[in-house]
Amino acid sequence: MTLGPFAVESFPVRHPGGACGFVVEVGARRITFVTDHEHGDASADSIVCDRMVGADLVLYDATFTEAELAARKGWGHSTAEAALAFRQQSGAERMVLIHHEPSRVDADLAALEADITARDPRVRLARGGEKLAL
């Protein structure tokens, strides 16, 4: 679909009841938006990762930690750990983690971000009201 200067493609993600991710291209820039995706299904993960290839920016669902996800299988959300693996596998330029667990306080998010950026400096957490430039 084309909306003005934007080319928009939807793709399925793994979430109860269904959901979509999006690739938005404008000029030579590409953004991939992945929310409400529960990783762990090889076919669904392949679709998601393929849509990240060539992305200048990926916005990715990182609601849970791997430990939290064990008790929340089937909820349709992912983890920072999976995000890191997808970014590295796809070669996406940058990744910003979105859809944080609502009960996390600022100190929790700061600790999570410190851990993530130490492992991959191209990945960080989104902040409310933030504007991102390509």
### Summary
antiparallel share of DSSP beta bridges within the chain, to nearest 5, in %, is 55 percent
### Query
What order do you get for 47, 31 when you list them from fewest to most C-beta neighbours inside 10 Å?
47, 31
### R0 of 35 Å, Cβ-Cβ distance residue 85-residue 6: FRET efficiency to nearest 0.05
0.80
### Query
If we count every other residue with Cβ under 14 angstrom of residue 3's Cβ, Lys/Arg +1 and Asp/Glu -1, where does the sum land?
-2
### Query
So for 14, 51, fewest C-beta neighbours within 10 Å to most, what's the order?
14, 51
#### Entry: Quarter of Cα convex hull surface for the chain, i.e. mean projection, nm²
8.4 nm²
### Summary
Taking the dipole of the chain about the Cα centre (Lys, Arg +1; Asp, Glu -1; charges at Cβ), the one of 90, 74, 1 that reaches farthest to the positive side is 1
#### Entry: Dipole magnitude of the chain, debye to nearest 20 (Cβ charges: Lys/Arg +1, Asp/Glu -1, about Cα centre)
300 debye
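Read-outs throughout are calculated quantities, based only on the coordinates presented, and are distinct from any laboratory measurement. Please read these numbers as outputs of a predicted model, since none were measured by experiment. We place every Cβ from the backbone using ideal geometry, glycine too, and count neighbours over all the protein chains shown.
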